[in-house]
Amino acid sequence: MSKLKDNKLLVFGLILVMIVISICVVSFFYLPHDPNAMNTSDRFQSPSIEYLLGTDQFGRDIFSRIMVSSQYALLIGLVSVTLGSFLGLILGAIAATSKGFVQSILMRIIDGFMAFPGILLAMMLVAVLGKGLWNAVIAIAIFMVPVFARLSYSLVLDQKNNLYVKAAKSYGASKGRIIFKHILPTILPRLITQFSASIGSAILIESSLSFLGLGVQPPDASWGLMLSESRQYTLTYPFLAFPSGIILIITVLGFNLIGDALNDSMVKRRASA
Amino acid sequence: MLNFIVKRLFSGLVVLFFISLVTFIVLMWIPGDPALLSLGTDATPEKLAELRESMGLNLPWYEQYYQWLTGFLVGNLGNSYVFGEDVFTLLVQRLPVTISLAVLSMAIAIPIAIVIGVLSAIYKEQWIDYIARSVMQLGDAMPQFWLALVFLVFFSAGLGWFPVAGFTPVEEGFFASLHSILLPSIVLAIGQIGPLIRIIRSSMLSSLEQDYMLMTSVNGFTKFRSIGKYALRGAIIAPLTIIAMQLAGILGGAVLVESIFALPGLGRLLLMAVEQRDLILLQGIVIFVTGTVVVVNMVTDILYQIVNPMIRFGGSHE
């Protein structure tokens, strides 16, 4: 019974993510309007056949802008989490397989990074690297490193004393080979779970940075930037706050649900094993 | 016990030292000349050189760091390039707003999360649980800045229940002050409720499965009494830690929320420091925020030891 429910969560999450991915794919081939074309005579249009979600303060088509923004959101989410998880995995694995001093230094470094509120770390890095899309990617990737380092550390530590690892060691396999060839496959499911959930939070951070004017720069479109740009007009035309906010929630919710459902099913499998 | 406290204090200090060092090195990379920033572009080269000298900008980075560190130890965080004021004073000026936000939002979030979390554990897989979990998921996925914007439009501009922007200091009346930060605090609280419910629910679930719970029902306690008296006590400890961990999230959320509600708090100061590339100010804020998080975590770890005897005895074997 509960298994069915978990699958429902997973299916719901997958549907939400598929919606966003399809929007993204379509946006490469077809856009109803030029997302950056300003048309001052058509400002603040309500949704219509011509403009599905209406137009913004510059008369730009909101629907087209949302479609284009999905490219940035998914790109930033995927690239930053991939980078962050890879570095984190290496760092965590090194910490778990080394002893004494090196281990405790590495773990203190990871602890130190964990003490940074995500947005603070990202803002600090943006201050150093400068505003912009790719710098936001790097900032978010660095934010993801300790999350994955912590997780890989405990996962590798769990596996380290298992017989199959000892067997590999007795054959003279190198540290790197043991980690990537033997341990990695067993901990991969947990990492993938974290990966999915992290994409959600990466997209949230990206939108927050863009909202603060530190991420994607105009005239490019990003959901966070769209909200920021329309901010002063929302008091008179509240509708502007909704399209980009709702698509943002759909995306983050989708990735979070997938991560949660995978995690639940793994916990259950371990408990019943 | 003492041994543990000393060890924990030490590792906390190491983390803090590491953070300050890395922040300093990273921030040194910020392009731009702080002397130019403080004097403006029409300053003469002689004046600039003089200021650079007096700011210690010609020294190698480790000496600059040493200067900063020794200053920090006596409570001197240096002067902001942009404001020309002492960073410590700037922090202290902005702090009341952010602290009130953090405290009020926790005061709102924690009781609600405890009620929802406990109920959803007791009625696991029933409608209360499903609603609680949906609330949790939605809370996690909702960007706080968006929620702030929507609330502002709806409650402040639309219904006129709250001021649209600005902060009323406590000196001008407690309730007026509370009123000015209530809406931003609610927004911050909604962001925290998700993770809080999650941890309270799972610790309550594991608490309900303990042998002593079986024992209370054998002893003929009513469900209500055994839950209230035993399960809750076991379940409340775990959230202690997460509340400490939440602090980082609250401070992060405050940056965004303050910027939307135009509240003169730490978050706004931070945004200004980033935009103006004010290295010393940025360093001060980062150390202050992360230091608070590290210290609070340290204190909770130690409290945790005192509250939970099982961990205490486990620890004393070392």
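Normalised by 2.2 N^0.38 Å, where N is the number of residues, the C-alpha radius of gyration of the protein assembly as shown stands at 1.02. Treating r as the C-beta distance of B:Tyr130 and B:Ala157 and R0 as 41 Å, the FRET efficiency rounds to 0.75. Bridgeable aspartates and glutamates around A:Lys181 (alpha carbons under 20 Å apart, same-chain partners fewer than 8 residues away excluded): A:Asp158. With a Förster radius of 25 Å applied to the beta-carbon distance between A:Asp158 and A:Phe180, the computed FRET efficiency rounds to 0.90. Ordered by the count of other Cβ atoms within 10 Å of each Cβ, fewest first, B:Asp140, A:Asp264 give A:Asp264, B:Asp140.
From the largest down, region A:49-94 spans 56, 18, 9 angstrom on the principal axes of its Cα atoms.
Given a Förster distance of 51 Å, report the FRET efficiency between B:Leu21 and A:Ile19 from their Cβ-Cβ distance, rounded to the nearest 0.05. The formula returns an efficiency of 0.65 here.
Full extension of the segment from B:Gln210 to B:Val103, taken as 0.36 nm per residue of separation minus the current Cα-Cα distance, would add 35.2 nm. Once the Cα atoms of helix A:2-29 and of chain A are each reduced to a long axis, what angle between those two axes, in degrees from 0 to 90 to the nearest 10, is obtained? Tilt relative to chain A: about 50 degrees. From helices alone, chain A scores -24500 deg cm²/dmol at 222 nm; the rule is -39500 (n - 2.57) for each run of n ≥ 4 DSSP H residues, then divide by the residue total.
Label positions at B:Val74 and A:Val11, each projected 7 Å from the Cα along the C-beta direction, are separated by 7.0 nm. Subtracting the Cα-Cα distance of B:Glu63 and B:Thr89 from their residue separation scaled by 0.36 nm leaves 6.9 nm. For region A:1-140, the Cβ-based charge dipole about the Cα centre amounts to some 540 debye (Lys, Arg positive; Asp, Glu negative; other atoms uncharged). Report the longest stretch of chain A that contains none of the chymotrypsin sites (Phe, Trp or Tyr not before Pro) sitting in a DSSP loop with at most 14 other Cβ atoms within 10 Å. Formally, the longest exposed-site-free interval is A:31-170. Seen against the Cα atoms of chain A and their longest principal axis, helix A:100-114 is set at about 20 degrees.
Listing A:Lys166, B:Lys124, A:Lys131 from the residue with the fewest other Cβ atoms within 10 Å to the one with the most, what is the order?
Ranking A:Lys166, B:Lys124, A:Lys131 by Cβ neighbours within 10 Å, fewest first, gives A:Lys166, B:Lys124, A:Lys131.
Over 28 Å between Cα atoms: which of A:Lys169/B:Lys7; A:Lys160/B:Lys7; A:Lys160/B:Lys124 fall into that group?
Details: A:Lys169/B:Lys7 34 Å; A:Lys160/B:Lys7 26 Å; A:Lys160/B:Lys124 36 Å.
Checking Cα-Cα distances, A:Lys169/B:Lys7; A:Lys160/B:Lys124 exceed 28 Å.
What spacing in nm lies between the two simple spin-label points modelled at A:Asp34 and A:Phe101, each 7 Å away from Cα in the Cβ direction? Placing both labels 7 Å along Cα→Cβ, they lie 6.4 nm apart.
Compared with the dominant Cα axis of chain A, that is its longest principal axis, helix A:133-160 is turned about 30°.
Rule-based calculations on the coordinates, nothing more; no lab input. Treat the numbers as computed from the prediction; the structure is a model and nothing was measured. Every residue, glycine among them, receives a Cβ derived from its backbone with ideal geometry; neighbour counts consider all protein chains shown.
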